[in-house]
Structures are given as C-alpha cells and as structure tokens.
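The values are calculated or read from the model by the stated rules, or taken from the named source; none is laboratory data. Computed from a predicted model, the values in this text were never measured in an experiment. Here Cβ is always computed from backbone atoms with ideal geometry, including for glycine, and neighbour counts include all displayed protein chains.
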C-alpha cells in the first residue's frame, strides 16, 4: 500500500495526528507554539519533524525552506491537517473579546503554508463560529484564496462528534480540500445516532458510563496509584458541600440550599432567571458528556462533576471522553494536561475523517496505476 504523509499545523498534543495515524497515515511533521503540548506530541510521535520555532507566523523564508527540506516530502503524497486556534470565534466568549482576538488571523497562515507546500489534500477543523457571525468574512476570504489556488473543497459542514462514536457532544466545522481532479471528496458518514430517534438504523450514542465507569473510585484531590492520570482536582470545603447536595446522575446547583448559592445566582433567582445550570453540574451516566474544554477538571467551568462521586472528573476520565487511548502520553502540570485534553480534536473523530480520506486516496492511486 502506498504511504501518505501528514503535516499537522497547530497540532496541540496530537489528537488529530493520533486519529490519522490509526487510519494508516504517517505523521511526518508538525507545528505547535505551546512548548508543553509540543513535548506531548514528541512523546507520542517521536519520528515527526518539528518546525522551529513553533510560532507559525514566524515560519517563513529560510526557516520554512529548512523545515520542508528536513521533511523531504512528496507533495503528491502529503496531507496537511489544521485546526487554527478557535477561541477567537467561540460563542462562549464576549463579542468584544472575539473581535479583538489576534488568533483570528491565524487561518491565513494556514492558507500561506498550503500555497507554499501544495499538498494533494488538506483537512481543516474548527468551531462552527468560524463560518458565521464575526468569523464569516475571515472564513470566506480564506476559502476564496484556497479556491484561487486550484483547491476544490467540500461544502463547509458542522458535524456533531457524538454521531461518530465519541461519548461527548461537540460540534465541529470540517472542510476537506484537494487540488486533484480525480479525487472525490466526501465527509464521513455517521456511525452512531440518537437512541431516541424514531428510525434507529445505527448504534446508539456512546455514553459516559461506557467510557469511564470501570475506573477506580477516587476522592477529590486524590490520585490513583496505578494510573497517575486518574487524578481529580482538590475542592474547597464549600464546593465539596455543594457537590454533596447535587443529586447524582445529572443533578445541578438548583437543588442546593439557598445558603450555598453564589451571590450572582441569588440575584438571578430574584429576577426569576435560572441562568447557566451546567456550572457545578454532574454528568449523566447514560448520555454523552457535554463538550470537554480546557476547564474540564473544574466543576466551576461546566458540567464536569462526576455522575456519583463527590468530585470533578479526573484527567483520565476527561481523556477517555475525548477518546484518547490510555497509552497516550500527556506531559505537564495538572492544569496544562487538562488544557491539552480539552483543546484537542477527539482522536476517534479524526480517525473517522482520515478513514474517509484514505479510502478516496486509495481509489485515486488504483486509477493512476491502471
């Protein structure tokens, strides 16, 4: 079988790269500005060539040429992955924060490297907000530039990762592009569906229970001796009390005695506004989790409470909900590992995309050989 190679831009710790490697791609090189995430990537992909410096905006001229020379790539066999930092387009942030975020322009560095490297195909993944709202004009300009280079692209489509076997609700914008005239572009078909669907043709969504229920019991602030990643954040006395009053299996802060409510929530109650109820909430056992973010190990950041135990989910549990295998290596402090996990593309979701692309690349190779 012919080998196809991947250069991973904005690689993070390697969620996308892991999925593509599982599908048969060779991870050839990567670019990542965060030093700790780079270390994690190195640990999991020791043969991949790193771009120095990690700041993609500085990867120009001689530095870029040196990087490409070290890679020694065949552009007809090379795929570029890219997930430009998406916080600037996230609807979870205030509008003025999103407009002023300098990371909004990083998509053009992705376009610049596509023009220089000329890969046979690329895959770009991002938050849905990139293609609408404040991100729309930037996105449209970048897509036009790629089209002018001769790349045909799938229509921008928002995919829900829970429909692809990930035990988590997380919407992602996915675009695949190619300059090959005889390469058919298709996004992967769903592999799972809502168990409440009337027309049940696929297996039901994966659940929190299936992902994490076999892990040992730990208390808040405790680490399992056999698995250093199975560690949960410590809790203040009042937050531990709050969790004890939070009903198991999907409970939220609305069940607390009023004396435990935060001042801001008391003000909302007076106004008869419930507010955002996921904060301090517990996950449901028999449903997918909510979106795993960089704050996934803190109950104050979302519905990240364990379904039964009085603690936030552990780093291992967060990694499993993101579909990282237990043998994936994370480096850094507790907070930096949580950040790497939450910022990553779920490896299983990336693998679904990679399998679809590999199938089409294989068909193209067979046609060329006839």
### Task
Output the residues belonging to region 104-151 that are outside any helix (DSSP H, G or I), over 19 Å from residue 57 (Cβ atoms) and at pLDDT 95 or above.
118, 119, 120, 121, 123, 149, 150, 151
### Task
Test each condition in (1) over 30 Å from residue 118 (Cα atoms); (2) at pLDDT 95 or above for residue 198 and report the one that comes out false.
(2)
### Query
Would a scan of region 52-64 turn up a residue that is modelled with pLDDT under 95, closer than 27 Å to residue 131 by Cβ and part of a helix (DSSP H, G or I)?
yes
### Message
Based on this model, can you work out whether residue 233 counts as more than 26 Å from residue 171 (Cα to Cα) and modelled with pLDDT of 95 or more?
### Response
yes
### Query
Could you say whether any residue in region 315-324 is surrounded by fewer than 18 Cβ atoms within 10 Å (Cβ to Cβ) and either assigned by TED's automatic domain parsing to the domain that holds residue 33 or out of contact with any strand residue (DSSP E or B) (no Cβ under 8 Å at 6 or more places or on another chain) (or both)?
no
### Query
Taking the stated definitions as given, is residue 59 assigned by TED's automatic domain parsing to the domain that holds residue 165, surrounded by 17 or more Cβ atoms within 10 Å (Cβ to Cβ) and in contact with a strand residue (DSSP E or B) (Cβ under 7 Å, 6 or more places away or on another chain)?
yes
### Query
Condition test on residue 157, is it under 15 Å from the mean Cα position of the chain (by Cα), farther than 25 Å from residue 76 by Cβ and surrounded by fewer than 19 Cβ atoms within 10 Å (Cβ to Cβ)?
no
### Query
Do we find a residue being touching a residue at least 24 places away in the same chain (Cβ under 8 Å), assigned to a loop (DSSP other than H, G, I, E, B) and under 15 Å from residue 164 (Cβ atoms) anywhere in region 207-220?
yes
### Message
Restricting to region 65-103, and then to whatever is part of a loop (DSSP other than H, G, I, E, B) and either modelled with pLDDT of 90 or more or more than 20 Å from the chain's Cα centre (by Cα) (or both), can you tell me which residue is surrounded by the most Cβ atoms within 10 Å (Cβ to Cβ)?
### Response
83
### Message
I'm told residue 190 meets every condition in (1) under 30 Å from residue 329 (Cα atoms); (2) in the same structural domain as residue 312 (by TED's automatic domain parsing); (3) touching a helix residue (DSSP H, G or I) at 6+ places or on another chain (Cβ under 6 Å) except one. Can you identify the failing condition by its number?
### Response
(2)
### Summary
Selection from region 236-259 of residues touching a residue at least 24 places away in the same chain (Cβ under 8 Å), surrounded by fewer than 18 Cβ atoms within 10 Å (Cβ to Cβ) and out of contact with any strand residue (DSSP E or B) (no Cβ under 9 Å at 6 or more places or on another chain) yields 240, 244
### Query
Which residue pairs have Cβ atoms closer than 7 Å, lie 6 or more positions apart in sequence or on different chains, and pair a first residue in region 260-287 that is in the same structural domain as residue 236 (by TED's automatic domain parsing) and more than 30 Å from residue 206 (Cβ to Cβ) with a second residue that is at pLDDT 90 or above and outside any helix (DSSP H, G or I)?
260/245
### Summary
Counting only residues in region 18-40 that are in contact with a helix residue (DSSP H, G or I) (Cβ under 7 Å, 6 or more places away or on another chain) and part of a helix (DSSP H, G or I), the one nearest to residue 333 (Cα to Cα) is identified as 36
### Query
Does residue 310 satisfy the criteria of being surrounded by fewer than 24 Cβ atoms within 10 Å (Cβ to Cβ) and over 22 Å from residue 240 (Cα atoms)?
no
### Task
Go through 211, 142, 233, 180 for me and flag whichever is closer than 30 Å to residue 70 by Cβ and buried (at least 19 other Cβ atoms within 10 Å of the Cβ).
142
#### Entry: Neighbours by Cβ (under 8 Å, 6+ apart or cross-chain): first from region 349-363, closer than 13 Å to residue 122 by Cα and not assigned by TED's automatic domain parsing to the domain that holds residue 184; second buried (at least 18 other Cβ atoms within 10 Å of the Cβ) and modelled with pLDDT of 95 or more
none
### Query
What do you reckon, is residue 202 on the phi < 0 side of the Ramachandran plot and outside the structural domain of residue 310 (by TED's automatic domain parsing)?
yes
